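K.L.:
The structure is given below, and queries will be raised subsequently.
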Amino acid sequence: MSHELILKLSCPDRPGIVSAVSTAIMELGGNISESQQFSDVSSNNFHMRVEMEGIASANALRERMGVLGAELDMAWEINSAERKLRTIIMASKEGHCLSDLLYHTVEGQIPIDVVAVVANHEDLRPLADFYGVPFVYLPVTKETKAEAENALLELIERDNVELVVLARYMQILSDRVCAAMAGRIINIHHSFLPSFKGARPYAQAHARGVKIIGATAHYVTPDLDEGPIIEQDVVRVKHSDSVAEMVAQGQDVERRVLT
């Protein structure tokens, strides 16, 4: 039976890439339902994502892309459009981002399979229980940080986890974890960083008269909060908004950006 497939690729830019990929799909009986591509002038690399239907054998497409990839020095991968990323969501005490992710996952609006919620506090266990997701409590102190991260990496390996989402997880992951999951950890933070570091950033922003607050979703790297940005959004606030009102608006934009 034919099914929807997604092809993602990147390679050095040159004329004819789109034509070569489209021809390969057409000759295998496929039809392109959606295509996105762009040339990155800073690196001279070409990137493309293609959704297709009508191809009876994904292996046949993989064989064809193997040949094409060798010719064009191309990195590529093919997945079923129905395949969901095996995901761990990590959180601490604030539940707005976790709640939004679990709700949209249950509704089928996010293509992930949440294998566990991992938290360094017990506060969010009832939320995980409500959605029927296993809850793993990993307390973290200065003395137990290495032990907790060992347990996290063991869980990732055991459950074949492909993605880790930090949904207001208020701990800094070590360089070891960042390296082990490079390109596979997403974080959300308020866009006050680095302007307002430390405790109570919304109170600091309120005291300075900030008029725009926002959030940034980014990949996690060993450089704290400096990984490649995935998505951002902002909202305007007024001088009459209290710190509590700013926090509420900030949490709303955080959950939207992360989702």
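The values are calculated or read from the model by the stated rules, or taken from the named source; none is laboratory data. The structure displayed is predicted, hence computed values, not measured ones. No Cβ is skipped: glycine too gets one built from the backbone with ideal geometry, and neighbour counts run over all protein chains shown. Just so you know, the surface numbers come from the protein's heavy atoms only, side chains and all, with ligands and any DNA or RNA stripped out. Shrake-Rupley method; radii C 1.70, N 1.55, O 1.52, S 1.80 Å.
K.L.:
Would it be correct to say that Ile188 is outside any loop (DSSP other than H, G, I, E, B), over 18 Å from Ser92 (Cα atoms) and among the β-branched types (Val, Ile, Thr)?
P.N.:
For Ile188, the condition - outside any loop (DSSP other than H, G, I, E, B), over 18 Å from Ser92 (Cα atoms) and among the β-branched types (Val, Ile, Thr) - is not met.
K.L.:
Now, a different point. In segment 142-151, is there at least one residue being in a helix (DSSP H, G or I) and polar (S, T, N, Q)?
P.N.:
Yes, segment 142-151 contains a residue that is in a helix (DSSP H, G or I) and polar (S, T, N, Q).
K.L.:
Looking at segment 128-160, which of its residues are farther than 19 Å from Met181 by Cα and among the small types (Gly, Ala, Ser)?
P.N.:
Ala128, Gly132
K.L.:
From Val41, Val18, Val50, grab the single residue that is under 29 Å from the mean Cα position of the chain (by Cα), of a type in the set (Val, Ile, Thr) and within 18 Å of Ala81 (Cβ to Cβ).
P.N.:
Answer to the check: Val50.
K.L.:
A follow-up question, please. Can you tell me how many residues in segment 216-259 are modelled with pLDDT under 95, open to solvent by 50 Å² or more (accessible area, probe 1.4 Å), in contact with a helix residue (DSSP H, G or I) (Cβ under 7 Å, 6 or more places away or on another chain) and part of a loop (DSSP other than H, G, I, E, B)?
P.N.:
Summing the residues that are modelled with pLDDT under 95, open to solvent by 50 Å² or more (accessible area, probe 1.4 Å), in contact with a helix residue (DSSP H, G or I) (Cβ under 7 Å, 6 or more places away or on another chain) and part of a loop (DSSP other than H, G, I, E, B) in segment 216-259 gives 1.
K.L.:
Moving on to the next point. Could you please find all residues in segment 172-183 being open to solvent by 60 Å² or more (accessible area, probe 1.4 Å), part of a loop (DSSP other than H, G, I, E, B) and more than 24 Å from Ile110 (Cα to Cα)?
P.N.:
Scanning segment 172-183 gives a single hit, Ile172.
K.L.:
Residue check, Tyr169 against (1) assigned to a strand (DSSP E or B); (2) surrounded by 17 or more Cβ atoms within 10 Å (Cβ to Cβ), all met but one. Which one?
P.N.:
Only one criterion is unmet by Tyr169, namely (1).
K.L.:
Same structure again: Would you confirm, using the coordinates I've provided, whether Glu154 is of a type outside the set (A, V, I, L, M, F, W, C), open to solvent by less than 40 Å² (accessible area, probe 1.4 Å), assigned to a helix (DSSP H, G or I) and more than 30 Å from Asn45 (Cα to Cα)?
P.N.:
In short, no.
K.L.:
How many of the residues in segment 116-129 are touching a residue at least 12 places away in the same chain (Cβ under 8 Å), open to solvent by 20 Å² or more (accessible area, probe 1.4 Å) and either assigned to a strand (DSSP E or B) or over 17 Å from Met170 (Cα atoms) (or both)?
P.N.:
1
K.L.:
Restricting attention to strands (runs of 3 or more DSSP E) lying wholly within segment 2-90, give those where 1 or more residues are open to solvent by less than 40 Å² (accessible area, probe 1.4 Å).
P.N.:
5-12, 45-53, 75-80
K.L.:
If you scan segment 131-142, which residues turn out to be touching a residue at least 24 places away in the same chain (Cβ under 8 Å) and hydrophobic (A, V, I, L, M, F, W, C)?
P.N.:
Selection gives Val133, Val140.
K.L.:
If I go through segment 198-215 residue by residue, how many of them are within 26 Å of the chain's Cα centre (by Cα) and either assigned to a strand (DSSP E or B) or buried (at least 17 other Cβ atoms within 10 Å of the Cβ) (or both)?
P.N.:
Total meeting the criteria: 6.
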